[in-house]
Amino acid sequence: MYFTHADAVWDAHPGLRALVVATDGVLGAESDPLRTEKLAAETDRRQQGTTEAEMPEIAAWREAFSQMGLKPTQYRCASEALLRRYRKSKDMPSFHPLVDYLNFASMASAIPIAAFDVARVSEGITVRPAEGTETYVTFQGDTEHPAPGEIVFADRAGNAHSRRWTYRQSSTSVVSSGSDRVLIVAEAHHASAEQDLISLEAELKAGLPALGVRITTSALIGPGRRRLDFSYS
């Protein structure tokens with residue numbers, strides 16, 4: 001399998017950096033309350049005295065959304081949406097041990113993190129402008145077709161696994177109780193993106209095994225390395 005960004009994405013967003021982590025053993029994942037509490041405390045510190053819009057990580061995504069012709073206050077990247085929800089309630093609903101952990105890791109770093117059940121992905125994912133023929137399935141079961149030019153996570157079969165880049169994931173490859181092999185993708189545009197993704201990688205390399213999830217490979221994606229190829233034995 002593979003993960004990559006199209007040249008059109010790099011041309012428009014040269015400051016983009018990404019962390020890609022392939023995992024398995026997700027069927028046996030168990031929650032780690034102590035690590036979640038640690039990440040929640042980091043999120044609390046991050047939110048003290050500042051708004052989401054003022055965070056460099058979020059501001060850079062807002063600029064990217066504006067560049068795509070989207071209103072940043074109407075379409076928010078995944079990490080901003082999580083942070084705004086957490087600020088109001090200081091709590092998050094539980095979905096799945098891996099997803100719950102990644103949500104807190106995303107808030108603590110203010111970096112959007114996506115997780116895809118690779119069994120539901122055809123061959124690999126390319127982040128690219130949509131052609132308009134891709135199929136996107138909502139969580140309500142409705143089928144949509146992204147507008148031409150919209151940034152999507154597309155596979156070889158024409159499935160759009162995310163719409164408007166990091167705004168909303170499709171139900172097609174969402175992590176569920178039956179997921180065992182999961183691809184994790186974190187992306188950032190801000191000035192210290194590369195260093196912060198290295199820090200996030202360190203967190204995942206400690207946190208995922210604590211859940212019982214095995215990392216099979218991971219890579220930082222940037223101008224010098226734009227693709228990760230990976231397989232499962």
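The numbers here are math on the coordinates, done by the rules we state, and not lab data. The structure presented is a predicted model; accordingly, all values stated were derived computationally and were not measured. Virtual Cβ from ideal backbone geometry, glycine too; neighbours counted across all protein chains shown.
A few comments on the model shown:
- Here the simple spin-label model places points 7 Å from the Cα toward Cβ, and for Arg168 and Thr133 these points are separated by 2.4 nm.
- Cα centroid separation - segment 1-62 against segment 133-152, whole Å: 23 Å
- Under the span-like rule (Cα at least 24 Å along the axis, Kyte-Doolittle mean at least -0.5), DSSP H helices of the chain: 193-211
- For the chain, a Gaussian network of Cα nodes joined below 10 Å ranks Ala119, Ala193, Ala160 by mean-square fluctuation, and the top entry is Ala119.
- Mean ellipticity per residue at 222 nm, deg cm²/dmol - from DSSP H runs of n ≥ 4 across the chain, formula -39500 (n - 2.57): -10500 deg cm²/dmol
- Positive-end residue of Val118, Val152, Thr166, charge dipole of the chain with Cβ unit charges: Thr166
- Global form of the chain, assessed from the alpha-carbon gyration tensor, a/c cut-off 1.5: rounded
- For segment 11-68, the residue among Ala29, Leu39, Gln67 whose Cα projects farthest onto the positive side of the dipole built from Cβ charges is Gln67.
- Using a simple spin-label model with pseudo-atoms 7 Å out from Cα toward Cβ, Tyr2 and Ala41 lie 4.4 nm apart.
- Rounded FRET efficiency, nearest 0.05, which uses the C-beta distance separating Ala210 from Ser177 and R0 of 25 Å: 0.80
- Based on Cα contacts under 8 Å between residues 6+ apart, the chain shows a relative contact order of 37 percent.
- Candidate lysines - alpha carbon under 23 Å from Lys90, same-chain residues fewer than 8 apart omitted: Lys38
- Ser122/Ser66 FRET efficiency (R0 25 Å; Cβ-Cβ; nearest 0.05): 0.20
- Loop-resident chymotrypsin sites (Phe, Trp or Tyr not before Pro) (DSSP state other than H, G, I, E or B) in segment 73-128 with no more than 16 further Cβ atoms inside 10 Å of their Cβ: Phe95.
- Projecting the Cα positions of His5, Pro97, Thr135 onto the charge dipole of the chain (unit charges on Cβ atoms of Lys, Arg, Asp and Glu, taken about the Cα centre) puts Pro97 furthest along the positive direction.
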